[in-house]
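Participant: Sending over a structure as structure tokens; questions will come in a sec.
The values are calculated or read from the model by the stated rules, or taken from the named source; none is laboratory data. Note that the structure is a prediction, hence the values are computed from the model and not measured. Ideal geometry is used to build each Cβ from the backbone, glycine not excepted, and the neighbour counts take in all protein chains shown.
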């Protein structure tokens, strides 16, 4: 499995948010958000649908469910908004972890260079 860069994580996070909420990044008015609430015609998706929405493989969706990241209903469907929200939080957590590791590595390198 390839490790994503911070830029790739941010891009994926923004893409998922745009696709789920059907809103451009620059379009954040309250009226626009309210207009798009009705676009959630399918509140639950099957495995292929949620994999397509999140741009992940069905196998990766299964892993995220097992890890407790994504919710899954007993009937095998996935709540669209719940999965999108959970995946966004997951990406933010991964991004913050990666940033912390990068900061620690930079500090360690700076300490070595000062010796």
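Participant: Identify the single condition in (1) in contact with a helix residue (DSSP H, G or I) (Cβ under 9 Å, 6 or more places away or on another chain); (2) on the phi < 0 side of the Ramachandran plot that residue 111 does not satisfy, given that it satisfies every other one.
Facilitator: Condition not satisfied by residue 111: (1).
Participant: Can you name the residue in the range 37-51 that is at pLDDT 85 or above and in a loop (DSSP other than H, G, I, E, B) and, of all such residues, is surrounded by the fewest Cβ atoms within 10 Å (Cβ to Cβ)?
Facilitator: Only one residue fits best here, namely 43.
Participant: Quick one: is residue 88 in contact with a helix residue (DSSP H, G or I) (Cβ under 8 Å, 6 or more places away or on another chain), closer than 24 Å to residue 5 by Cβ, modelled with pLDDT of 95 or more and not in a loop (DSSP other than H, G, I, E, B)?
Facilitator: It is false that residue 88 is in contact with a helix residue (DSSP H, G or I) (Cβ under 8 Å, 6 or more places away or on another chain), closer than 24 Å to residue 5 by Cβ, modelled with pLDDT of 95 or more and not in a loop (DSSP other than H, G, I, E, B).
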